[in-house]
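Asker: Sending over a structure as structure tokens; questions will come in a sec.
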Amino acid sequence: MLIGVSQMDSLIDELERSYADAQERMSDPAIFSDHHQAAEAGRRLKELEGPHKLAQEWRSTRDDLDAAREDSELRGLVPELERRLEELEDELKLALVERDPNDEKDVIVEIRKGAGGDEAAIWAGDLFRMLTRYAESRGFKWEVLGSNPSESGGYNDVTFAIKGEGAYSIFKWEGGTHRVQRVPVTESQGRIHTSTATVAVMPEAEEVEIEIDPNDPKVDVYRSTGPGGQSVNTTDSAVRITHLPTGLVVAMQDEKSQLQNKTKALRVLRARLLELERERQEEELSAARRSQIGRGDRAEKIRTYNYPDNRVTDHRVNLTIKRLDRIVEGDLDEFTEALAAEERRQALEAAAA
């Protein structure tokens, strides 16, 4: 439904003022002495370019519609122009919904086994494979930052980075508890077990966003160990960083170089600190916000993978897909699209309210 022309004009006037301000800010030499401000200004201008282009098209279409209504020879174009004007309004309202500023960032993903013992560790490994295959199918690159393999297979925990424009906008939907129902390979009686693994998805922080005071981290080095506690090298190359103000602890031991392990640990620490700040801001807006990871209990879940029925259910949008075999190979687009559409619907409702 078309909204009032004067209301739309006011909206577009405000958009054009914001776009002009963003252009002026980008041309100000003073901001380029501050990398953080320069990056923010660039992101803001890019964010407004799409809506500004739609606004220009809306005004042009509105002028064409006014002309068609007054010209008997062009009156036949009125229905088509009205439809296009309505489409542009919907597109513009959607484009003006405030996006998550982290959507374009790379991500750091942490997967940990939850309830279910050895089977939970195997499931954590299956999720790692599913998410890295999905990353590859979307054209993203990934790298393991740290891992703690389980003796029975899979991982007690594994941390990896996914790089590519818009990675966070795709993978943020995977954060939470993933529940699996299947017969474990270790089950001799053929009984179905329920196990969980938790996934945390964090936007990767740039150094200019999260500056760590040199006095805040306590760095310990030790000898790397493998499953069962055996030493895997003879030098103290493993690194544990404790962030004293928050108590956050990050340990890395996959690399043979102490410096490489420390560099990776600092990347993860920055991402966790950025996530901590993001959670703090969101909690100020919604005191009822639930933690992304939860406790990993069987009752806490965002998605259930039922192997006997070959089905996967995402409980946030009540979507069930009976192609589990394809989904665990990384075919997650249908869930991603449904969750993104629900986010847009809620954002439009909030904007209208």
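Okay, residues lined up against (1) farther than 25 Å from Gly175 by Cα; (2) touching a strand residue (DSSP E or B) at 6+ places or on another chain (Cβ under 9 Å); (3) modelled with pLDDT of 80 or more:
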| residue | (1), (2), (3) |
| --- | --- |
| Ser188 | yes, no, no |
| Glu207 | no, no, no |
| Ile210 | no, no, no |
| Gly228 | yes, no, no |
| Arg240 | no, yes, yes |
| Pro245 | yes, no, yes |
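Asker: For segment 31-53, give me each residue that is within 18 Å of Glu165 (Cα to Cα) and either assigned by TED's automatic domain parsing to the domain that holds Glu165 or touching a residue at least 60 places away in the same chain (Cβ under 8 Å) (or both).
Answerer: Ala39, Arg43
Asker: Kindly establish whether Leu92 is in contact with a Leu (Cβ under 7 Å, 6 or more places away or on another chain) and at pLDDT 90 or above.
Answerer: no
Asker: Hey, another quick one. Tell me yes or no: at least one residue of segment 149-165 is buried (at least 19 other Cβ atoms within 10 Å of the Cβ), outside the structural domain of Arg267 (by TED's automatic domain parsing) and closer than 22 Å to Glu343 by Cβ.
Answerer: yes
Asker: Among the residues of segment 157-208 satisfying the criterion of being under 11 Å from Asp106 (Cα atoms) and in a loop (DSSP other than H, G, I, E, B), which is nearest to the chain's Cα centre (by Cα)?
Answerer: Step by step, filter segment 157-208, then rank; the result is Gly166.
The values are calculated or read from the model by the stated rules, or taken from the named source; none is laboratory data. In this text the structure is predicted, and so the values were computed from the model without any measurement. So basically every Cβ, Gly included, is an ideal-geometry build from the backbone, and we count neighbours across all protein chains shown.
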